[in-house]
Amino acid sequence: MARALGIISKDVYYELEKIRKIRNAFAHSPLLLHLGSAPIAPLFASLKRPGSRVTRPALVFLECVRAIDNALDDYIHSFERPRLSLDRRVEWFTAA
């Protein structure tokens, strides 16, 4: 839905799909898994990594999620308008 509405880019959509698949693999496996486990490792390796020196898999995963969060924040903040000061609001209101 977010992709169809233009809220997220195609790249962010594909990264979210990878994260969804990783989440589902963890959630539906009867085994104890980690990011290096056979069902998870290929998906984890395919995530786009932000330019970071982090090497621990869990922290790399969080960096990837943070990059997506930043993209969503940028979208939300693109709608913010500068707020008028109280004096300017009174001036605007009383001018009518």
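The values are calculated or read from the model by the stated rules, or taken from the named source; none is laboratory data. This structure is a prediction, so every number in the text was calculated from the model and none was measured. Note that we place each Cβ from the backbone using ideal geometry, even for glycine, and neighbour counts take in every protein chain shown.
Overview of results
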{"quantity": "Within segment 37-59, tally of residues that are free of Cβ contacts under 8 Å to residues at least 12 places away in the same chain and hydrophobic (A, V, I, L, M, F, W, C)", "calculated": "5"}
{"quantity": "Of all residues in segment 20-36 being under 17 Å from Ser46 (Cβ atoms) and not hydrophobic (A, V, I, L, M, F, W, C), the one that is surrounded by the most Cβ atoms within 10 Å (Cβ to Cβ)", "calculated": "Lys21"}
{"quantity": "Long-range neighbours under 7 Å by Cβ, at least six apart or interchain, first residue charged (D, E, K, R) within segment 14-32, second assigned to a loop (DSSP other than H, G, I, E, B)", "calculated": "Glu15/Leu47; Glu15/Lys48; Lys18/Leu47"}
{"quantity": "Qualifying helices (runs of 4 or more DSSP H) (wholly inside the chain; at least 2 residues being modelled with pLDDT of 85 or more and basic (Lys, Arg))", "calculated": "10-28"}
